[in-house]
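All remarks here apply to the structure that follows.
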Amino acid sequence: MAYSFILFETGDDGVALLTINRPEKLNALNAGVIAELDNALGRAESDEAIRGLILTGAGEKAFVAGADIRELAALSPVEAKVVSARGQALFRRLETLRKPSLAAINGFALGGGLELAMSCTLRVASETARLGQPEVKLGIIAGYGGTQRLPRLVGRGKAMELLLTGEPVDAREAHRIGLVNQVVPGAELIGASRSLLARILANAPVAVSLTMEAVDTGLESGIEQGLRFEAAAFGVSASTGDSREGFAAFLDKRRANFNGR
Ligand code: COA
């Protein structure tokens, strides 16, 4: 698939950089962006050389300023339900990719933009970023998972405040409430994102992937099932070649060399 709305670049460090590239519309998510993101995630899923993903927005101003309001305005209720379900499925695919993903938030992350960022494993924001769920100001509700992921990230009270006032928070407040992991100057955003992801990718890939799955299993289905999953996944991790390498490297006082087996 040739892309018109996104850029998809891969490097030898195992990181794919995915840029939403509609800067003249502040990278708003139209149907074309959604379809291309879905295709790119398919590539990220199936390509073993891709071990992690960074998502960002083109231009200085916005990560993603939301779903495309011009498109939304033309939808019937039934079509709007389909659009919401399609966006939810895409973001769920990203969330459950089992390869770490990082949103490099270079400006406005509003509505679907914040929902996209929250579907990533981690978030790094530039100092000028502004994050929010302004849907209620348009007479709609968050429809790409915002009502579910925001309370899981920042707690019910703060999520209610953001979702019900529709007012954005700046990067510093987003960091304070746990909505983003780091805040850096704009010029350092991609470098800082790469370096955080590299620290994760230096660890054993199967252990990283199983950890992500265990955290989400417990959060989504409760502690009993989460603990059962954790024990089973611990058993799997302890049987990998990488765990033998990790133990041996510790005992030999050297750096481990993991190969994902
Ligand atoms: N959908 C469609 N187009 C959008 C958009 C969106 N979510 N967000 C911005 N754009 C477009 C604008 O219509 C404008 O297009 P135009 O030049 O053809 O008129 C262009 O992007 C630039 O945006 P503009 O509003 O002029 O920039 P600004 O700096 O004055 O304001 C924002 C920036 C982010 C505050 C403002 O664009 C905004 O409020 N966007 C909508 C945010 C939102 O409600 N998102 C949730 C959608 S469900």
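The Cα atoms of region 1-139 cover 44, 34, 25 Å along the three principal axes, with the biggest extent listed first.
For region 26-104, applying the loop criterion from DSSP together with a ceiling of 15 other beta carbons within 10 Å to the GluC sites (Glu not before Pro) yields 48, 60. The alpha carbon centroids of region 98-146 and region 200-261 are separated by 28 Å. Helical content of the chain, expressed as a calculated mean residue ellipticity at 222 nm, amounts to -15500 deg cm²/dmol (DSSP H runs of 4 or more residues, -39,500 (n - 2.57) each, divided by residue number, nearest 500). The length gained on full extension between residue 256 and residue 170, counted as 0.36 nm times the residue separation minus their Cα-Cα distance, comes to 27.0 nm. Compactness of region 205-252 was expressed as the Cα radius of gyration divided by 2.2 N^0.38 Å, which yields 1.28.
Restricting the calculation to Cα atoms, every distinct pair contributes to the Kirkwood radius of region 123-199, found to be 13.2 Å.
Solvent-accessible surface of the chain, averaged per residue with a 1.4 angstrom probe and all protein chains in place: 51 square angstrom. Of all alpha-carbon pairs in the chain, indicate the percentage at a distance above 27 angstrom. Percentage above 27 Å: 39. By the rule of a C-alpha distance below 23 Å, with chain neighbours fewer than 8 residues away ignored, the lysines paired with residue 81 are 137. For a straight C-alpha distance cut-off of 14 angstrom, the aspartates and glutamates reachable from residue 253 (same-chain residues fewer than eight places away being disregarded) are 245. When the charge dipole of region 6-201 is built from unit charges on Cβ atoms (+1 for Lys and Arg, -1 for Asp and Glu) and taken about the Cα centre, the candidate among 147, 119, 132 whose Cα reaches farthest toward its positive end is 147. Note on residue 228 and residue 13: their simple-model spin labels are 4.1 nm apart, each label 7 Å out from Cα toward Cβ. Taking every DSSP beta bridge that has both ends in region 1-122, the antiparallel portion is near 30%.
If only the Cβ of Lys and Arg carry +1 and only the Cβ of Asp and Glu carry -1, the dipole of the chain around its Cα centre is close to 360 debye. Entry note, region 1-155: relative contact order of 21 percent, from Cα contacts under 8 Å with a spacing of 6+ residues. For a paramagnetic label modelled on residue 82 (point 7 Å from Cα along Cα→Cβ), amide N atoms under 15 Å away belong, within region 25-41, to 31-32, 35.
Both radii come from the Cα set of region 18-83: Rg as radius of gyration, Rh as Kirkwood radius; their ratio Rg/Rh reads 1.05.
A simple spin-label model places the labels of residue 24 and residue 60 1.9 nm from each other, with each point 7 Å out along Cα-to-Cβ. Between the listed residues 195, 77, 14, the Cα displaced farthest toward the positive end of the dipole of the chain, a dipole computed from Cβ unit charges relative to the Cα centre, is found at 195.
The values are calculated or read from the model by the stated rules, or taken from the named source; none is laboratory data. Since the structure is predicted, the reported quantities are computational estimates derived from the model, not experimental observations. When we count neighbours, we look across all protein chains shown, and the Cβ atoms used for this are built from the backbone with ideal geometry, even at glycine. Heavy atoms of the whole protein, side chains included, go into the accessibility calculation; ligands, DNA and RNA do not. Shrake-Rupley method; radii C 1.70, N 1.55, O 1.52, S 1.80 Å.
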